[in-house]
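Written below as structure tokens is the structure these notes are about.
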Amino acid sequence: MKPYPATTKRKALSPLADGLMHQQVANRINVGRTTITTWAMKLPKDALRGIERPKAGRPRKLTDSDACNVSLNMRHGITRNAVWATEALNKENKNPVSAQTVRRASQRVGDKAKKMKKRPRLSRANKITRKGFAATYAGWAEDDWSRVV
């Protein structure tokens, strides 16, 4: 790599701190992209820390707000699981998503999968009481039930 003056280096590093990509900076000051990359790698680790860089690859199908809505719906019992949440999302959105996408999105916002808590079955006494209630009111017509508050 040929030596460049310090002013050229400063000209290159300040747009990097503003968030420009290496190729854009290289085109601006007529220096190779690899040179800019090398200079950026020699900077201290925290020099470019606050910069939001665009991620490579396809953009996410579910935004963070969608993921938060899915999480809230699950917590409030509107949707019980990722499959139900997927069905609800696919009704609203034009881009269909899979249940796995919904699971990953809910994990991204901090949800964790939990096993449903097992509850005890009806006891023998409860079964007898319920059967007695059913037998007592088996003969009631709709008219009788309409008077119940």
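The values are calculated or read from the model by the stated rules, or taken from the named source; none is laboratory data. Keep in mind it's a predicted model, so treat the numbers as computed, not measured. Cβ sites come from the backbone with ideal geometry, for glycine too, and all protein chains shown count toward neighbours.
Among the residues of segment 103-131, count how many are hydroxyl-bearing (Ser, Thr, Tyr), surrounded by fewer than 11 Cβ atoms within 10 Å (Cβ to Cβ) and closer than 25 Å to residue 81 by Cβ.
Our first condition is that a residue be hydroxyl-bearing (Ser, Thr, Tyr); within segment 103-131, this holds for 106, 123, 129.
This time we only want the ones that are surrounded by fewer than 11 Cβ atoms within 10 Å (Cβ to Cβ), so: 123.
Within this subset, residues satisfying the condition of being closer than 25 Å to residue 81 by Cβ are none.
So the answer is 0.
Among the residues of segment 113-143, those that are in a helix (DSSP H, G or I) and hydroxyl-bearing (Ser, Thr, Tyr) comprise 129, 136. Pairs are defined by a Cβ separation below 9 Å, a sequence spacing of at least 6 or placement on different chains, a first member in segment 80-97 that is within 20 Å of residue 112 (Cβ to Cβ), and a second member that is exposed (fewer than 13 other Cβ atoms within 10 Å of the Cβ) and aliphatic (A, V, I, L, M); the pairs so defined are 82/113.
Residues in segment 1-28 that are touching a helix residue (DSSP H, G or I) at 6+ places or on another chain (Cβ under 8 Å), over 13 Å from residue 40 (Cβ atoms) and of a type outside the set (A, V, I, L, M, F, W, C): 4 in all. Yes or no: residue 85 crowded, with 16+ Cβ neighbours inside 10 Å and either small (Gly, Ala, Ser) or at pLDDT below 90 (or both)? Taking the combined requirement at face value, the residue satisfies it.
Just one of the numbered conditions (1) within 30 Å of residue 21 (Cα to Cα); (2) at pLDDT 85 or above; (3) not aromatic (Phe, Trp, Tyr) is not true of residue 44: (2).
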